[in-house]
1. Please report F76, F285, F81 as a ranked list, fewest other C-beta atoms within 10 angstrom at the top and most at the bottom.
2. Only helical DSSP H runs with n ≥ 4 go in: add -39500 (n - 2.57) per run for the chain, normalise by residue count and round the 222 nm mean residue ellipticity to 500 deg cm²/dmol.
3. Any idea which of M92, T63, S43 is furthest toward the positive side of the dipole for segment 26-109, if Lys and Arg beta-carbons carry +1 and Asp and Glu beta-carbons -1?
4. Once you have the Kirkwood Rh of segment 175-245 from its Cα pairs, apply Stokes-Einstein at 4 °C and 1.567 mPa s and quote D in µm²/s.
5. Segment 382-440 to segment 177-247: how many Å between their Cα centroids?
6. How many angstrom lie between the Cα centre of segment 76-136 and the Cα centre of segment 1-43?
7. Take the Cα atoms of the chain, find their three principal axes, and give me the spread along each one in whole Å, biggest first.
8. Each residue of segment 101-109 in turn: what ³J(HN,Hα) in whole Hz from Karplus with 6.51, -1.76, 1.60 and θ = phi - 60°, glycine and Pro shown as x?
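Every number here is computed from the coordinates shown, using simple stated rules; none is lab data. Because the structure is predicted, anything quoted here is derived from the model rather than measured. Here the Cβ positions follow ideal geometry from the backbone for every residue, glycine too, while neighbour counts run over all protein chains shown.
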Amino acid sequence: MKKKICIIGAGIGGLTAGALLIQKGYLVDIFEKETTVGGRAVSIGMSSQTIDSYKQLLNRFNTFIAFSEPPLEEIFAKKMFEEYTLDLGFHMIGGGIIQKLKNIIMDYYQNITIYESRLFEQKNNHFGYFVTTIDKLSMLPNILRLLLSGEKTMKELDLISITETIKKYGKGKMKNVLEVNPRLISTINNLDLISTGEVFRTQKDMKLRGVNYPKDGVLKISQTIAAYIEKNGGKIHLNSPVTKIIINNKRAEGVILNDKKYFYDSIVSNILVQKLFTIADEHQFPDEYVTMIKGLEGTGSLCAYYSLKKIDQRLLGKTFIFIERDLGVDGNDAAGMIDFISAKAETGLSAPSQYLVQAYVICTPKEARDKNILNKLKKALDKNLERIIPDFHSQLQWAIYPATWHLDGVAKTIDNIKPDIQTPVENLYMIGDCVKAPGIGINCAINSAQIIQKIIPISD
Ligand SMILES: Cc1cc2nc3c(=O)[nH]c(=O)nc-3n(C[C@H](O)[C@H](O)[C@H](O)COP(=O)(O)OP(=O)(O)OC[C@H]3O[C@@H](n4cnc5c(N)ncnc54)[C@H](O)[C@@H]3O)c2cc1C
């Protein structure tokens, strides 16, 4: 008989695990508390939102609108969001993970259209590739070393901070790359906290490729995986919050929904790990484990969406990186991105003849709730957009700045080790961007699903 598995949460991690476990022969039930799949990788049709429903949705995902121009009330009253689709905040998908997704959902992948960009940089009075071919040649020995190094070398570098690596290897362009890429890869500005091993592992996993964004918003990916699951016999139950995981004698046996018990062979939690003990009895876990899980920190950012009336057509489809020096944030300098893939009409994100630009700058979860710091970060975003489009203010229809303090479920720093997928409770697993898997964000969530497929026992 086929084994039954329950996945709590239809985020991109839960859905990917669902697809892979069906392939392994399991009967899969996914319970999702929201009315849509996608979790934090959600895209919101703004025409159907009211100011209250929008604020509540953001709030359920630890996000709020820190600033807007004009005020949010006016944007809604004047229906300025009409025909826009917005994610919770800036989203971009890193490199090689797209190929992995293609291998997982096979033919269904044809329903997703991906736009890809290399990374650009605003130079003095023109823009160019962040890493040019000449730069690549000068860094070739180091790039080859990275591509050829195995997991053993990565492990040795795990406890070496990027600050130390810059001292050793940071000359010329290499210094610039080491100051920017690790920040963007980890969503952490403080180079003392970023692990060199982890950055190299992620770079390798990303196949040193550019960045990607799907047509119609990041939700398209989850919707497509969900369609694959349902077509192949899995069940996704929306509007179905799990209120308890049934655990007896340190063994997970099922879940409770609407006061009814459902029993399964294994339970996979896709929820933020810090919330695990709101639905699981902590007395069933070792004390040190409970303390460790409760103490884990996420990452944050201030995002921006700008709606522009006109745009230099050469910018369409390009993604820029920036680093803003001496901002006085943790790590002092802050890195971010400004993306014009979302400004292409084909992505279907903006109203006709309008251009949506998405941007973000990294901060800590604490800074994402500190109005003074957010003010500085907003200025950094505007200043860097101004460097690319000097007259952007005169082209601006509206701008909103979503601040989020749970961008990644758990920050990947030297001292904040992500927990294992297998928990100390038998038959209970955790997946998503909170657990130990290569990369961060969406990459980590998808990679964690591939790992669980390998470690979970065979179905029959
Ligand atoms: C503003 C913002 C910008 C981001 N930008 C990027 C980016 O550019 N690139 C990138 O790679 N990543 C980015 N991320 C991170 C990325 O969105 C997440 O890493 C990814 O979506 C996490 O997927 P997940 O499956 O691990 O978790 P989630 O998406 O959090 O999914 C968990 C699911 O569990 C559900 N749930 C919770 N409790 C229960 C319950 N009791 N019962 C049933 N269901 C429950 C939730 O509703 C949710 O759907 C960003 C995140 C934010 C917030």
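1. By the 10 Å Cβ count, ascending: F76, F285, F81.
2. Only helices count here, giving -10000 deg cm²/dmol.
3. M92
4. It comes out at roughly 82 µm²/s.
5. When both Cα centres are located, 9 Å separates them.
6. Value for the Cα centre distance between the two parts: 25 Å.
7. Cα spread of the chain along its principal axes, largest to smallest: 66, 56, 44 Å.
8. Along segment 101-109, the couplings run 4, 4, 5, 7, 9, 6, 4, 4, 4 Hz.
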